[in-house]
Structure formats: structure tokens, C-alpha cells
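Here is the structure we will look at, set down as C-alpha cells.
The values are calculated or read from the model by the stated rules, or taken from the named source; none is laboratory data. In this text, all values refer to a predicted model and were calculated from it rather than measured experimentally. Cβ placement follows ideal geometry from the backbone for every residue including glycine, while neighbour counts extend to all protein chains displayed.
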Amino acid sequence: MLTGGAWVFYFADAPVLLHDLIFFHAPSVAYFTIAILTATTYVFGGLMREQVCTYMCPWPRIQAAMLDENSLVVTYNDWRGEPRSRHAKKAAATGQSVGDCVDCNACVAVCPMGIDIRDGLQLECITCALCIDACDGVMDKLGRDKGLIGYSTLFDYSTNMAIATNENTAPIDPARVRDPDGRYYDKIRHFNWRIIFRPRIILYTVLWSLIGVGLVTALMMRDRLQMDVLHDRNPQYVMESDGSIRNGYTVKILNMVPEPRMVMLSLRDMPGATMSIAGETWSQGRFIGVELEPDTVKTMKIYVTMPKDALPSETRDFTFHVEYRTSGEADAYTASFIVPEKRK
Ligand code: SF4
Ligand code: SF4
């Protein structure tokens, strides 16, 4: 319900809407939207859960396309873990060579996706690293090196696997990766920070940074005062008793700052014309001051009137101009003034 509420509050005055919701004064669309979002959140998060990640989320596909052999991925290092055994000491006593995995299943138990990372890299893996922590805890208790499950590259993994399997000609033998004292041989590859600074990573970083800078720049430079104008369709013009022609427009002015502003609406490129706000007789002339509420769209019906002796011979374009003089922000909209056909 909080998820649904957060979405709805984002598009409205949150405290007012919350009050209205509690006292059942809110519009029915608000209740409907919250109900829909609550239901979908419950279905996705409560019932479908990891199925959403596996079957609906596009990210695993995108991520898979970006991986290469030097990408760090959560990896079960079977070159040191296999053959797994729950009875390592017993096996060692009988001269059997066993790996570090004690088959405790802790990594499987903690996995939110319900997969066994020991089966290899899988599409379902969300790289949460819970299996790494679980296995490191087990290794700690057993007094063995951490990292049986850890971040590794395909290149390092393949190299180590080739060593453990004698170039893929034999089953994994831990004796090929460690000396009798339990130390890794020098040829075993380990994580190296330098692989992070590869051309591909640098290129991705630069591209994403450029996109980020572009977005922030666009955000900072976006218009915070905007105007939209719609000419009346019916009637397109009205002839007054004195022969002057009047056109009607719906003018919307967007104030995208959280404070009230007084802006100046004016007519340009239309000598002789005057305008007025419908229902407000005081507002007549080529300049009209308009009071805007914070973060709102002001919608007005504006009449533009051209006296008989200044009428153009044909329909012509002119400009509505709106300006906030304190900051210099302005916007303009080119509209058409329609005159009767017979004058053309
Ligand atoms: S990283 Fe997370 S999702 Fe992936 S296998 Fe490990 S626990 Fe499961
Ligand atoms: S947590 Fe580690 S030791 Fe336990 S089963 Fe998983 S990989 Fe093997």
C-alpha cells in the first residue's frame, strides 16, 4: 500500500491528498490507482518474487550481453572445491584427495533465487553475493582460505580449471593447485585490481558519465516557465457588433517552481490587437499580468480582438509571449488569428 501511495503522492499535493484519502474525500482515481499498485506489488513481491527477476526483468539479458572473459562474476571455484565431501577428515585419513567444499549447502540455503551456484554461472543469479558471505563463514570455521565462492573472471577460472584438470584431461585434483603445505602454486591466478581498469570498463564509465552529465545538464537547463496555446475550434472567430473580430484561445501557463510568480503575458506581431481574459473585465490590453500558483498549471480562456479598421486581409500568425521579469525566463507560442473567409 505504501508503494501505491508513494506513486500517487508523487503526482499530487501529498499532505492534502493524504488527508483526503483518510477522510474519503479523495478522487476515486486515487483510490483505484493505489489499489492497482498495491495489488501488483503484492503479486510481484509476495507471490511471484524471484520469478519476476528471472522471467520479467530484462536486466539479466542486458547484463549477459555486457559480460566478457574479464568480467567479475560470482563464481564457485570448483578447481579448489571439488571433489566435494562432507567427511573431509575421513577422506584425508584414507588418502583421498578432496576439495574445500564440505557440501554443507549453506550457499544454496541463502540464495534468494533458489539456485546452486556450484552448477556454474546462471541467468537467475542477481549477484547479491549472499552465497559468498555464507561460504566464507563456513571456510572461516574450517580454517580454510576464504573465496571458495567469490568474484572471479572467466579467464582466471578457466586457467585454474585447466591446471586442476591437467588441461581437461583428468578429473579435478586439488593436489594440482596446492602444494603439500596447502599453499597455492604460483601459476594459480587470483583476483587482481588491474582488471578493473580495462579499456572496456573505461569506455563504459565514460559513456555512462556523459549520459549522466547530459541528464543533469538537461535537468538544470529545463524550462521552468512554459506556455501552451490551443485555438478554439468552434467558433473559430466571432464578429462583434462593431465589426471587430474576436478569436478565442485556451492558454496554459506552467509554473514549474515551488513558489508563486507574477508573469507578464503579451501579444506580439499583431499591431492593433488587444486581449482579455474571459470573465475578468479588468484584464484588457496587449499586456496582462497573470498570477501563478506554485507548481501548477494556470489555464485561462483568452480572447484576442482585432478592431475592424486594423483587420488583416487573411489569417495571420502572431505570438503569445510570457515572461517572468525577475529572472528573465520566458516562453512564446505562435498562434493563428483567423478572419472571415470573405475578407480573403
Ligand atoms: S550471488 Fe546471490 S543470487 Fe547469485 S548464486 Fe549467490 S546467493 Fe544466489
Ligand atoms: S557454502 Fe561453500 S562449502 Fe558449503 S556447500 Fe556451498 S560452496 Fe560448499
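For the range 307-325, what are the residues that are touching a residue at least 40 places away in the same chain (Cβ under 8 Å) and of a type in the set (S, T, N, Q)?
Passing the criteria: only THR319.
Taking strands (runs of 3 or more DSSP E) that fall entirely within the range 212-299, which contain at least 2 residues that are among the small types (Gly, Ala, Ser)?
The qualifying strands (runs of 3 or more DSSP E) are 280-285.
If VAL98 satisfies all but one of (1) among the aliphatic types (A, V, I, L, M); (2) more than 9 Å from ligand 1 (Cβ to nearest atom); (3) over 21 Å from ILE188 (Cα atoms), what's the number of the condition it fails?
Against the list (1) among the aliphatic types (A, V, I, L, M); (2) more than 9 Å from ligand 1 (Cβ to nearest atom); (3) over 21 Å from ILE188 (Cα atoms), VAL98 comes up short only on (3).
Please go through (1) under 20 Å from SER85 (Cα atoms); (2) in contact (Cβ under 8 Å) with a residue 60 or more places away in the chain; (3) part of a loop (DSSP other than H, G, I, E, B) for ALA175 and return the number of the only condition it doesn't satisfy.
Just one mismatch for ALA175, condition (3).
So which residues in the range 64-112 are at pLDDT 90 or above, near ligand 2 (Cβ under 9 Å from one of its atoms) and basic (Lys, Arg)?
If the condition is that a residue be at pLDDT 90 or above, near ligand 2 (Cβ under 9 Å from one of its atoms) and basic (Lys, Arg), then no residue fits.
Filter the helices (runs of 4 or more DSSP H) completely within the range 1-51 down to those with at least 2 residues that are touching a Cys at 6+ places or on another chain (Cβ under 6 Å) and surrounded by fewer than 14 Cβ atoms within 10 Å (Cβ to Cβ).
none
Looking only at residues that are closer than 13 Å to LEU142 by Cα and among the charged types (D, E, K, R) in the range 71-95, which one is nearest to ligand 1 (Cβ to nearest atom)?
Looking at residues that are closer than 13 Å to LEU142 by Cα and among the charged types (D, E, K, R), I get ARG86.
Which of the residues belonging to the range 73-131 are part of a loop (DSSP other than H, G, I, E, B), among the small types (Gly, Ala, Ser) and under 18 Å from PRO174 (Cα atoms)?
Listed by number, the residues that qualify are SER85, GLY95, SER97, GLY99.
Quick check on LEU254: is it under 39 Å from the mean Cα position of the chain (by Cα), surrounded by 15 or more Cβ atoms within 10 Å (Cβ to Cβ) and among the aliphatic types (A, V, I, L, M)?
Yes, satisfied.
What are the residues in the range 127-150 that are more than 11 Å from ligand 1 (Cβ to nearest atom) and in contact with a Phe, Trp or Tyr (Cβ under 9 Å, 6 or more places away or on another chain), if any?
ASP145, GLY147, LEU148
Condition first: in contact with a Ser or Thr (Cβ under 9 Å, 6 or more places away or on another chain) and of a type in the set (A, V, I, L, M). Now tell me which residues in the range 35-80 satisfy that.
Across the range 35-80, the qualifying residues are LEU37, LEU72, VAL73, VAL74.
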